[in-house]
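Since the structure comes first, as structure tokens, the remarks are kept for the end.
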Amino acid sequence: MNEIIAILNTVSPHLKVRTLKQMTLIIEAMLSMTGRVTMLGLSRWTEKGGSYRTVQRFFKEKIEWSALRWQLIKQHTQETKGIWLLIGDEVMVTKSGKETHGLGIFFLRFTTSPYLVCVF
């Protein structure tokens, strides 16, 4: 777990101090959880400072995710020479509700109706 938190220090220039602390709490909780990850579940698994309201504030925060991803990739690609192949894999899970604030509609090929999903 400490290695993951240490890696987060590379993205600290792109985040507010409060947001980085919230992200650290949420990542620790997410890696400790089993089953579906919900905001309520995250708040239950976080340590001190990770209330439900804190989790809500974090997900409401506008974060430049592309800059964070690039910073993480750049850190590892500068250390070695050679060819790098970057691959992403998206997993789609149906949602029990009808809508989630901030997410767009994504149509899944194997169904006949659109589902709301979050793709990182």
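The values are calculated or read from the model by the stated rules, or taken from the named source; none is laboratory data. Nothing here was measured: the structure is a model prediction, and the numbers come from that model. Don't worry about glycine lacking a Cβ; one is built from the backbone with ideal geometry, like all the others, and counts go over all protein chains shown.
Does residue 91 count as modelled with pLDDT under 85 and surrounded by 15 or more Cβ atoms within 10 Å (Cβ to Cβ)?
Working: modelled with pLDDT under 85: yes; surrounded by 15 or more Cβ atoms within 10 Å (Cβ to Cβ): no.
So residue 91 does not fit the description; no.
Can you tell me which residue among 35, 49, 41 is surrounded by fewer than 18 Cβ atoms within 10 Å (Cβ to Cβ), part of a helix (DSSP H, G or I) and at pLDDT below 90? Reasoning before the result, please.
Numbers: 35 fails: part of a helix (DSSP H, G or I); 49 fails: part of a helix (DSSP H, G or I).
41 is the lone residue from the list that is surrounded by fewer than 18 Cβ atoms within 10 Å (Cβ to Cβ), part of a helix (DSSP H, G or I) and at pLDDT below 90.
Tell me which of these residue 55 doesn't satisfy, since it passes every other one: (1) farther than 24 Å from residue 76 by Cα; (2) without any contact (Cβ under 8 Å) to a residue 24 or more places away in the chain; (3) surrounded by 12 or more Cβ atoms within 10 Å (Cβ to Cβ).
Just one mismatch for residue 55, condition (2).
Does the stretch 9-19 hold any residues that are crowded, with 17+ Cβ neighbours inside 10 Å and either without any contact (Cβ under 8 Å) to a residue 40 or more places away in the chain or within 18 Å of residue 76 (Cβ to Cβ) (or both), and which are they?
11
I need the full set of residues from the stretch 65-76 which are surrounded by 12 or more Cβ atoms within 10 Å (Cβ to Cβ) and either of a type in the set (Gly, Ala, Ser) or assigned to a loop (DSSP other than H, G, I, E, B) (or both), in order please.
Kept after step one, since they are surrounded by 12 or more Cβ atoms within 10 Å (Cβ to Cβ), are these residues of the stretch 65-76: 67-73, 75.
Scanning the stretch 65-76 gives a single hit, 67.
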